[in-house]
Amino acid sequence: MKDSKEILAVGSIAYDSLKTPNGNRERILGGSCTYFSVAASYYTNTSIIGVVGDDFDQKSWDLFKKYNINTDCVEIANGQTFSWGGEYNHNYSKRETLFTNLGVFEHFKPKINTNIKNPILYLGNIQPELQLEVIDKVSSPYLIAADSMNLWIDLSPNKVWDLISKVDIFMLNNEEAIQLTNNNNLEEIADKFLSMGPKIVIIKMGGDGALVAHNNKKNYVTVVPNTKVLDPTGAGDSFAGGVLGYIANHGMDDPIKAVIHGSAVASYTVSGFGLENLCQLNQTELTQKINQINFK
Ligand code: AMP
C-alpha cells in the first residue's frame, strides 16, 4: 500500500456476550480495537496495541493474522481477557451494558515497541487514562483520532475532556455526547468540542447517520439505505476504521467522503453478528454501498 499512512490503534480486545432481538451469542471475539482494525485493514497497514489474557484462543489470533493486522504490541498477561455483555431492546434503539469485566486491562501499561513513522493514531474506546498514556508514548503521529463510551464518561469525564483537547479528530455517539455535555443540541455540542482543539468532530447517530463538523461547516451523512440490522455491536469502531482508512489514503481534506466510507463499512458490521459480516467485505459491493449514501 504505497503512499498510504499506516495506522496504529489502541482499544479493547474483548470477548462479547450479546443479546439481540434476532438471537444471542456467547463470548465471541469483539472489542473496539478488534472491530476498528479489521475495518481499517481493508485500507492500509494496521497495527494494534492492547492486552489479552491467557484465555485468548488461537482462533482469535488467526483472525488478526488473516487481516494482516500487526499484533506485536499486544501483550499476553496472566488473567482474563476483557469481556463485555450487552443487550439490545426490541428495535435496537437502546443498548444496555450487562457487565464489563476489565480483566487484564485493569493493570495494563502499554509498551509501544514499533518503529512506524508518523502513524495515524487511533485511540479506541478504553480507559481515557490509557488513551492519554498512548498519546504521550507515540512520537510525531500524522494525526490523532479518538472515541469514548458511556462508562468512561460516567467514571472520568474530566479525562475525556482532556482527551478531546489533545486530538485532531474526535468521534462520539449522540447519546454519549449529550451525557458528556448536558446539552441536547448536537450542533452546539459539535461546536463545543471543536472549540477545544479538534479539527474534525463526528457525532454518530446510529441508524440516522452522522453529523460532521469542520471548518465552520456542518454536514449530515446518511447510512446505507435498507440495511437489515442484526447486531450493531462494533458499528462505531468499524465506522472509525473506514473513516481513518480513507484518510490514510487521501488525507484529511474531505472529511465528508471519509465519513461516507465509515458509514458504508459500518453497514457490514451491523448486518451480521460480531465480526461475521465485516469479515465478508467486498470492494465492488463496498463501492455500491458508498454510492447509496447521501449528505447534506
Ligand atoms: P460499539 O458498538 O462500537 O460501541 O463497540 C462495542 C465494542 O466495544 C464491544 O465489542 C465491546 O467489547 C467493547 N466495549 C464495550 N464497553 C467497553 C468499554 N467500557 N471500554 C472499552 N471497550 C468496550
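Throughout, read-outs are computed from the coordinates displayed, never taken from laboratory work. The shown structure was predicted, so the numbers you read here are calculated from the model rather than taken from an experiment. Here Cβ is always computed from backbone atoms with ideal geometry, including for glycine, and neighbour counts include all displayed protein chains.
Listed by chain and number, the lysines placed with their C-alpha closer than 19 angstrom to that of residue 5 are 117, 137, 199, 257; residues fewer than eight positions away on the same chain are left out.
You can think of it this way: the chain between residue 94 and residue 111 has 2.5 nm of extra reach, that is 0.36 nm per residue less the Cα-Cα gap.
DSSP bridge analysis restricted to the stretch 1-73 gives an antiparallel fraction near 50%, rounded to the nearest 5. Using a Gaussian network model of the chain in which every pair of alpha carbons under 10 angstrom is joined by a spring, one finds that among 61, 152, 161 the greatest mean-square fluctuation is at 61.
Of all the options 58, 280, 127, the one that moves most in a Gaussian network model of the chain with Cα springs shorter than 10 angstrom is 58. Here the stretch 58-131 yields Rg over Rh of 1.02, to two decimals, using C-alpha coordinates and the Kirkwood radius. When the chain is treated as a GNM with alpha-carbon contacts under 10 Å, the residue of 206, 23, 272 showing the greatest mean-square fluctuation is 23.
On the basis of the beta-carbon distance and an R0 of 30 Å, residue 26 and residue 68 show a calculated FRET efficiency of 0.60. The charge dipole of the chain, taken about its Cα centre with unit charges on the Cβ atoms of Lys, Arg (+1), Asp and Glu (-1) only, comes to about 640 debye. Note that the stretch 242-254 has calculated 3J(HN,Hα) couplings of x, 4, 6, x, 4, 5, 4, 9, 10, x, 9, 6, 10 Hz, one per residue in order, obtained from phi through the Karplus relation 6.51 cos²θ - 1.76 cosθ + 1.60 (θ = phi - 60°); glycine and proline are x.
Over the chain, the Kirkwood radius and the radius of gyration, each from Cα atoms, give a ratio Rg/Rh of 0.92.
Peptide packing for 6-15, 286-295 was compared via the average number of neighbouring C-beta atoms within 10 Å per residue; ordered from the highest value, the list is 6-15, 286-295. The stretch 227-270 and the stretch 1-60 have their alpha-carbon centroids 15 Å apart. In the chain, the calculated helix contribution to ellipticity at 222 nm averages -10000 deg cm²/dmol per residue, counting -39,500 (n - 2.57) for every DSSP H run with n ≥ 4. Cβ-Cβ distance of residue 158 and residue 183, R₀ of 25 Å, FRET efficiency by 1/(1 + (r/R0)^6): the value works out to about 0.90.
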